[in-house]
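As structure tokens, the structure follows; a few thoughts come after it.
The values are calculated or read from the model by the stated rules, or taken from the named source; none is laboratory data. The model shown is predicted, which means the values in this text are computed figures rather than measured ones. Here the Cβ positions follow ideal geometry from the backbone for every residue, glycine too, while neighbour counts run over all protein chains shown.
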Amino acid sequence: MTCSLIITTYNWREALELVLLSALKQSLPPLEIIIADDGSREDTKNLIDEISRLSSITLIHSWQEDKGFRAAKSRNKAIAKASGEYIIVVDGDIILHKDFIKDHLKFAQKNYFVQGIRAKLNQAKSEEILKSKQFEFGVFENGIKNKRNSIKLSCLSKIFSGRRYFNKLAMLQTCNMAFFKKDCVLVNGFNEDFIGWGKEDSEFGYRLIISGIKRRDLRFGAIGYHIHHEGNSRDMLEENIKIYQNTLTNKLRECKNGIREYLN
């Protein structure tokens, strides 16, 4: 099964560099890496060009003009460019464990999408690694706030991963999410009516679920390490909640403004 890794980013070159370095050191590399760029400055493009010259994996820079927080549109454009059957989406502040891709592909199953976990680095540790360019971590590494999420153990993964949460929308986050591209296209991708932070992840997950694509949660595997940063503005959250509630109330399987306009 072919896999495309999608990394979202916006004007944080230093974090993106660590994420890309971790992506290039995977025990099972993806077919390609696509950077879903929501309008970053030239220094991000320069970084991607620099790493591309050193990488045996194809890197694609999917850029759009900076018109505010438009993560849904950015993801759709990147996913439309993907050649892989399976899509793994992470944020540009999520450093990948060396078996991240391997764990996701092992866990993948048709008619399901997957929600993964993240281990959170505290502020001091985050500042330290951005200077040292560290992108590999031990289980008991200092500076990890929720160490339970940094444990990779196959026996625990088999026990605690699965379909227990398949019908729930709680804690759906595209910081570590995977799905088949055809399933994403089925529901017309992410809803571009969402502008600003909040609820586009859950709304996308809901449309998958009522379309028959159930949820699986992956634990103790496919670990991502979240670099600390200040939270995004919640200015549009109230409006986004209205869009989300409309989808739930009307049981919408598709959004009007989605990925299909970018497909050949």
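Brief remarks on what is shown
- Taking each residue of region 180-192 that is under 10 Å from ILE79 (Cα atoms) and looking for partners that are among the aromatic types (Phe, Trp, Tyr) and not in a helix (DSSP H, G or I) with beta-carbon atoms closer than 8 Å, six or more apart or interchain, yields LYS181/TYR86.
- Of all residues in region 103-116 being surrounded by fewer than 17 Cβ atoms within 10 Å (Cβ to Cβ) and polar (S, T, N, Q), the one that is farthest from GLN26 (Cα to Cα): ASN111
- Matching residues in region 111-161 - criterion: being aromatic (Phe, Trp, Tyr) and under 20 Å from the mean Cα position of the chain (by Cα): TYR112, PHE113, PHE135, PHE137
- The residue pairs whose first member lies in region 74-102 and is farther than 17 Å from LYS45 by Cα and buried (at least 24 other Cβ atoms within 10 Å of the Cβ), whose second member is at pLDDT 95 or above and of a type in the set (Asp, Glu), and whose beta carbons are closer than 7 Å, counting only pairs six or more residues apart or on different chains, are ASN76/GLU192.
- Residue among LYS168, LYS199, LYS181, LYS214 that is modelled with pLDDT under 95 and over 29 Å from HIS229 (Cα atoms): LYS214
- For LYS242: the one exception among (1) within 19 Å of GLY116 (Cβ to Cβ); (2) at pLDDT 95 or above: (1)
- Selection status of ALA178, part of a loop (DSSP other than H, G, I, E, B) and hydrophobic (A, V, I, L, M, F, W, C): no
- Of the residues making up region 224-237, at least one is touching a His at 6+ places or on another chain (Cβ under 9 Å) and surrounded by 12 or more Cβ atoms within 10 Å (Cβ to Cβ).
- Selection within region 22-33: residues that are under 15 Å from ILE60 (Cα atoms) and under 15 Å from the mean Cα position of the chain (by Cα). The member of this set that is surrounded by the fewest Cβ atoms within 10 Å (Cβ to Cβ) is GLU32.
- Contacts under 8 angstrom Cβ, first residue in region 136-157 being on the phi > 0 side of the Ramachandran plot, partner surrounded by 13 or more Cβ atoms within 10 Å (Cβ to Cβ), 6 or more apart: GLY143/LEU121; GLY143/ASN122; GLY143/LYS125; GLY143/SER126; GLY143/GLU128
- Residue match in region 3-21 (condition: among the hydroxyl-bearing types (Ser, Thr, Tyr), surrounded by fewer than 18 Cβ atoms within 10 Å (Cβ to Cβ) and in contact with a helix residue (DSSP H, G or I) (Cβ under 8 Å, 6 or more places away or on another chain)): no
- Subset of region 123-157 (residues that are assigned to a helix (DSSP H, G or I), touching a strand residue (DSSP E or B) at 6+ places or on another chain (Cβ under 8 Å), under 18 Å from ARG13 (Cα atoms) and not basic (Lys, Arg)): ILE129
- Top-ranked residue of region 117-151 - restricted to ones that are charged (D, E, K, R) and surrounded by 17 or more Cβ atoms within 10 Å (Cβ to Cβ), ranked as nearest to MET171 (Cα to Cα): ARG118
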